[in-house]
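The values are calculated or read from the model by the stated rules, or taken from the named source; none is laboratory data. In this text, all values refer to a predicted model and were calculated from it rather than measured experimentally. For neighbour counting, all protein chains shown are included, and Cβ atoms are generated from backbone atoms with ideal geometry for every residue, glycine included. Each accessible area value is taken on the protein alone, full model and side chains, heavy atoms only, with ligands, DNA and RNA left out. Shrake-Rupley method; radii C 1.70, N 1.55, O 1.52, S 1.80 Å.
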Amino acid sequence: MIIDGNINVSGDDENLEQMAKNSIIDNITGEEAVFDLDLFTTKTSRNETNHFHIYVDDNGNYKVVDSNFVADELTLEEYGSLIHEYVHYIQHIQTLFGVNRTRLYTRLYIEYRKYLITHKKVEMPLNIDVVAPSAIPIFAKELDKEGYQHYDYGIDEVEIRDTDIEEARTKCHSVRVGIYDFELNQAWDGEKGYHFGYWAIIEGMAHNIQLLIDPTVENRHLSVPYKVVDRICEKLYPEIFNNKLLMISLCLVSLLYDNPGVGFFDTANHIVEFHITDGRQLYKESLLTIINFRGKSMPVKDMLKIMQDELLNQLKMLIGQELDYYPKVFNQTREELTTGESTLLNILYDGLINDKKTFNDILLRVYGFPFIESHESSLLQNNPDTNKPYLEVARLASWELLYKRLVDKSTKCRRYELCRGNEKHEASDAFSPECKDAQWLKDKDCILSRGFKLFGSHVVEWEQRRE
């Protein structure tokens, strides 16, 4: 389990630091978003950078009627993709590793906002080594625990040694897994093997839940990162592999560890040793595990509540206002933690995940309503008192788009193609020539121009650096 909620970084590994610097500077938005690639249709859905925003890459008719989300008109494929991304959202707000990861990036966003407040001139792309160079070694350590999101080889079989797990535990990095790619007739081990950690675990969990809704996704998802969990359990833990709900529960519990890759094997061995068959009971026992957090002994669930409170304070600092909606979300998740149960696991074990009404009637009421986007829809949680989006939700969405514009090499707004229209949709009323490369000059209000005005009000000169 997580022993200390503080991030400890030695900063003495130059290779790791350079890896993080390159990853964050060159592809920072990719590192922060959980991307899900559908192989044959080349669709890419994702849980976005602020972790309260999911994008579903389809034409699904996502809509809200009388303040209730309605999923009735979604196909099984569309609904499966939505649930997959919503699972990632839950992983970020209701697990220790997820909340700590969200806190880490929110602290980085706060540094970016401070930079905008204290500088009259801002050059874009605005890289992390300019804004917060001291954060680079911190991200280096965290990235090394996350493992590989992408890999050059397929994984048809795995080879894992106890020494690899213990090395990962000692050095606080992902577990190096030996792999066999039958199609290419290749085998890799050690540093060249697959780095197993957070990415494989969150995707393995979401993939297996999506399969319960849409079995056809089995043929559309790549082996990495979606099926690594299956390959490991099939090789080492067949009793878990043959109990898919238990395997999903194993993934969820692994995210209660500071190093999910190591936690996965510790938990799997515990399942086998004590002949555990019910994932709900496994999760409840894990929440009650006593750990040392900042010099105090407490159950895991209490530590998670503390970290959620700290995340709320960070969000308030970032947005610059008191919060209304997100505290309600975390009040609901804290109530769930108090019971020691997982609403998500209960729905899975009760066989209700295929019922589309479950999403609105149960999941959204416990875990909240993130900003949901598709090709056709942009749904923000409305305040029932005003029938308009909660101000903090709109501001967070605006900050996210501004942040991406700050760090991107591209000058276009991320919503450029959507807003300029096409043969199916008229251009947005807010679309203008400035949307392509000078959004801060726009007279028309949109989510990004409001971000420049709200968070960049102290900046006098914006400049795009050509690289």
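Return, ordered by residue number, the residues of the range 205-247 whose backbone nitrogen is under 13 Å from a label point located 7 Å along Cα→Cβ of L184.
223-224
Is the shape of the range 322-364 rounded, prolate or oblate, going by the alpha carbon gyration tensor and its root eigenvalues a ≥ b ≥ c, with a/c under 1.5 for rounded and a/b larger than b/c for prolate?
Taking the square roots of the gyration eigenvalues as a ≥ b ≥ c, the range 322-364 is oblate.
Can you bin the range 134-197 into rounded, prolate or oblate? Criterion: square roots of the alpha carbon gyration tensor eigenvalues sorted a ≥ b ≥ c, rounded for a/c under 1.5, prolate for a/b above b/c, oblate for the rest.
Verdict is oblate for the range 134-197.
Quick one: divide the alpha-carbon radius of gyration of the range 64-145 by 2.2 N^0.38 Å and tell me what you get.
Compared with the compact-globule rule of thumb, the range 64-145 sits at 1.58.
Restricting attention to the range 133-240, which chymotrypsin sites (Phe, Trp or Tyr not before Pro) occupy a DSSP loop and are surrounded by at most 13 other Cβ atoms within 10 Å?
Answer in residue order: F182.
Using a 1.4 Å probe, how large is the accessible area of R169, given in Å² and rounded to the nearest 10?
Accessible surface of R169 is approximately 90 Å².
Please determine, in degrees from 0 to 90 and to the nearest 10, the orientation of helix 162-171 with respect to the longest principal axis defined by the Cα atoms of the chain, where the helix direction is its Cα long axis.
Helix 162-171 sits roughly 40 degrees off the main axis of the chain.
Tell me, what are the semi-axes, in whole angstrom and largest first, of the equivalent ellipsoid of the chain as set by the roots of 5 times the Cα gyration tensor eigenvalues?
Calculated on Cα positions only, the semi-axes equal 34, 26, 23 Å.
Accessible area per residue for the chain in Å², computed with a 1.4 Å probe and the full protein assembly in place, what is it?
42
From the convex hull of the Cα coordinates of the range 315-461, what is the mean projected area in square nanometres?
Quarter of the Cα hull surface area: 12.0 nm².
Would you kindly calculate the translational diffusion coefficient of the range 232-361, applying Stokes-Einstein with the Kirkwood radius from alpha carbon pairs, for 20 °C and a viscosity of 1.002 mPa s, and quote it in µm² s⁻¹ without decimals?
The estimated diffusion coefficient comes to 130 µm²/s.
Report, to the nearest 10°, how far helix 244-254 tilts away from the longest principal axis of the Cα atoms in the chain, using its own Cα long axis and a range of 0 to 90°.
70
Would any residue of the range 166-182 have its amide N under 20 Å from a label point 7 Å out along Cα→Cβ of T289? List them or say none.
Those under the cut-off are 166-176.
Of L184, F196, A168, which is farthest on the positive side of the dipole of the range 126-210, counting Cα position, with +1 on Lys and Arg Cβ, -1 on Asp and Glu Cβ, and the Cα centre as origin?
A168
Between Q281 and Q464, what length in nm is gained on full extension when 0.36 nm per residue of separation is reduced by their alpha carbon distance?
Result for the pair: 60.5 nm of gain on full extension.
Can you check what the net charge comes to around E392, using other residues whose Cβ is under 15 Å from the Cβ of E392 (Lys, Arg +1; Asp, Glu -1)?
Residues near E392 contribute +2 overall.
Please give the helix 300-319 orientation as an angle from the longest Cα principal axis of the chain, in degrees from 0 to 90, rounded to the nearest 10.
Helix 300-319 sits at roughly 10 degrees to that axis.
Using a ≥ b ≥ c from the Cα gyration tensor of the range 146-293 (square roots of the eigenvalues), is it rounded, prolate or oblate, where a/c under 1.5 gives rounded and otherwise the larger of a/b and b/c decides, a/b for prolate?
It is oblate, given that a/c is not under 1.5 and a/b is not larger than b/c.
Among the GluC sites (Glu not before Pro) in the range 58-109, which ones are in a DSSP loop with at most 13 other Cβ atoms within 10 Å of the Cβ? Mind listing them?
Within the range 58-109, the qualifying GluC sites (Glu not before Pro) (loop, at most 13 other Cβ atoms within 10 Å) are E73.
Could you please state how large a percent of the accessible area of the range 373-467 is carbon and sulfur, counting protein chains only and using a 1.4 Å probe?
Its accessible area is 47 percent carbon and sulfur atoms.
Computing the accessible area with a 1.4 Å probe over protein heavy atoms, can you report the carbon and sulfur percentage for the range 240-284?
52
DSSP loop (so not H, G, I, E, B), at most 16 other Cβ within 10 Å: list which trypsin sites (Lys or Arg not before Pro) in the range 433-467 pass both filters.
K444, R465, R466
How much mean residue ellipticity at 222 nm does the chain get from its helices, if each DSSP H run of length 4 or more adds -39500 (n - 2.57) and you divide by all residues, to the nearest 500 deg cm²/dmol?
Value at 222 nm, helices only: -15000 deg cm²/dmol.
Report, ordered by chain and residue number, the lysines lying within cross-link reach of K305, taken as a straight Cα distance under 22 Å and ignoring same-chain residues fewer than 8 apart.
Of all the lysines, those that pass the test against K305 - Cα under 22 Å, at least 8 places apart if same chain - are K284, K296, K316, K328.
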